[in-house]
Amino acid sequence: MCSPRKALWLLLLACACAQAQTEAAPAASAAAAAASAAPAASAASAAASTPTREQVQEAVERVRADPLLGHTEVQKTLHEKKRDAAPRPDSGDWSWLRRLGEIMMWVGRALRVLIWVVGALVVAYGVFRIGRWMRARGAMEPRVRAALPSHVQNLDIRPESLPDDIGAAAAAQWQRGEQRAALSLLYRGALSRLVHVHALPIRAASTEGECLALAGQRLDAPRANFFGRLVGVWLPAVYGARMPESTQALNLCREFDLQLAPAAVAQETA
């Protein structure tokens, strides 16, 4: 690009040329009219339309003499200087804090999930341990066993009040003629074994019929059948004074320990 001063001079030169052409217009018209007459006249007219060096110099001098165009004028303008956008000094700090916040959020979610998982495992383990403890103990608290009766009606059923071999002792009494005592010993011994060995809920006021019903519910068929035969002999003897035959009574004596074994034998069998 050229400077403003050079552009001004070029503009003045163009104006001077235009003025020279204007002054030479009559000559150009005459040359055009003469062109129809002869080619030589056309060439002369064309040469005459071009301004001469003197004419151009004279136009330049007139421009220089003009007070409005013959000086240099300097103008100053303000404009905004473009600069590259510089990052904020603390932009790096904000990005670091944002990343830290994202990490903390992720850690928080992971901790919540971990707490739920650990809590579920602790609860499951606690339920498992409580279940095992309850199965081992039989209940959450040991039940107080009801006091066992020492007598049923007026019959003493304490184990220490009975001989070790009840069947043999009852058979000996029967053979000595102590028939009522032998049947009483068999019935007392049967009640004692049912209460202390087989854990039947017989109470002090239980009747023979109630004891027979409990034996039918809690004992197996052979033991329940044996106790039923014993009660069937005991009731006529104690209330009707009708004694059974010797063979029937001695059979009950022999079967007693087989059907109603003592506590030690019952535990070994179980």
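Here are some notes:
- Cα→Cβ-extended label distance, 7 Å offset, between W94 and I130, nm: 5.5
- Virtual spin-label span in nm between H196 and R62, 7 Å along Cα→Cβ: 16.1
- Pairwise label distance in nanometres, A205 with E80, each label 7 Å out on the Cα-Cβ vector: 11.1
- Close amide-amide hydrogen proximity is noted between V152 and I157, each under 5 Å apart and 5 or more residues distant or on a separate chain (H modeled in the peptide plane; Pro and chain starts excluded).
- Ordering W234, W116 from the fewest to the most neighbouring beta carbons within 10 Å gives W116, W234.
No value in this document is a laboratory result; all are computed from the given coordinates. Fair warning: this is a prediction, and the values are worked out from it, not measured in the lab. Methodologically, a virtual Cβ is constructed for each residue, glycine included, from the backbone with ideal geometry; neighbour enumeration extends over all protein chains shown.
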